[in-house]
Every structure is written in structure tokens, then in C-alpha cells.
Amino acid sequence: MRLGDKSGLKLLLFSGLVESLRDNMSRVFCSIYESSSKREMYLYVLKQEGFKRVPEPLLELMGKKPRFVTDLVLTPERKLARANVDEVIEKISTAGFYLQMPPPPEPGLVHAADAPAWRRQGRNKDSESLT
């Protein structure tokens, strides 16, 4: 590029601006909330918007008082434990939120509350006979 060539300088500045915008679009400042009604369900929302774009049925699913967990800057380089960061960024950028569902139950693992009624009744009888 010659010293007097302004069009080359404009192109260079424009490409730098485009790169800067692309970089800013891949960074999302979000807040994360945990459901008060369903274990291990998290809602990621844009920090500056909060729950503004979250549909009412989803807010009801989150429970009466979703618990604030943290604020986080998401970038493509960041690793998330149970979600693809690129998908989270894309969903938050377009819809204003991302819902992380609880992991599926492990095969063969039965919680006491989920056990069949006959098993819960049998357990109560056994525990009563021990006292």
C-alpha cells in the first residue's frame, strides 16, 4: 500500500472493524439461574435483558423463585460442563435465553422417591420392625 493510497487504508480500517464486530458478537455477558422447582435445570439469560425475552411458561417451569447462580462472559474458547458453548452463545444471542435441562438419569439408578409404591411400603415396614 502506498502512503497516499486512501482506499487501501479505508479497506484496512473496515476489515479491522468487521473483525472487531465479529469478535464482540461471539462474546455474551449472561446471568445464570437455577430452577427452584426442578433440580439441575439452569436458565442462561442476557445480563442486560434479564427475563424480558423468556416466555411465561418457561418462567413458570423455573419455579416461583429461580436462584441466581452467577454472571459469566461466554466466549467460544470457554468450556462448559454440560453444554456446547457455541450453541449457548447462539441461542442467547438470537432468543435471549438458553435452557440447560437436567442430565438424564443414570441407568439402573433409582431414587427413593421414584421407587415403586410397593418398594417404599416394604422399606417402611422393615424400618418400623427394627425400632
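A short reminder: the numbers here are calculations on the coordinates, not readings from a lab. Note that the coordinates shown come from a computational prediction; the quantities given were computed from them, not determined experimentally. Virtual Cβ from ideal backbone geometry, glycine too; neighbours counted across all protein chains shown.
Quick notes on this structure:
- In order along the stretch 67-80, phi translates into HN-Hα couplings of 8, 5, 9, 6, 9, 8, 9, 8, 9, x, 7, 6, 9, 10 Hz, rounded to whole numbers, per the Karplus curve 6.51 cos²θ - 1.76 cosθ + 1.60 with θ = phi - 60° and x for Gly and Pro.
- 19 Å Cα-Cα threshold exceeded, pairs from Lys38/Lys79; Lys38/Lys65; Lys47/Lys91: Lys38/Lys79
- Label-to-label distance, nm, for residues given as Met101 and Lys65 (7 Å Cα→Cβ offset): 2.9
- Where labels lie 7 Å past Cα in the beta-carbon direction, separation of Thr94 and Arg78 in nm: 2.0
- When the alpha carbon coordinates of the stretch 24-103 are projected onto the principal axes, the ranges are 34, 26, 17 Å, largest first.
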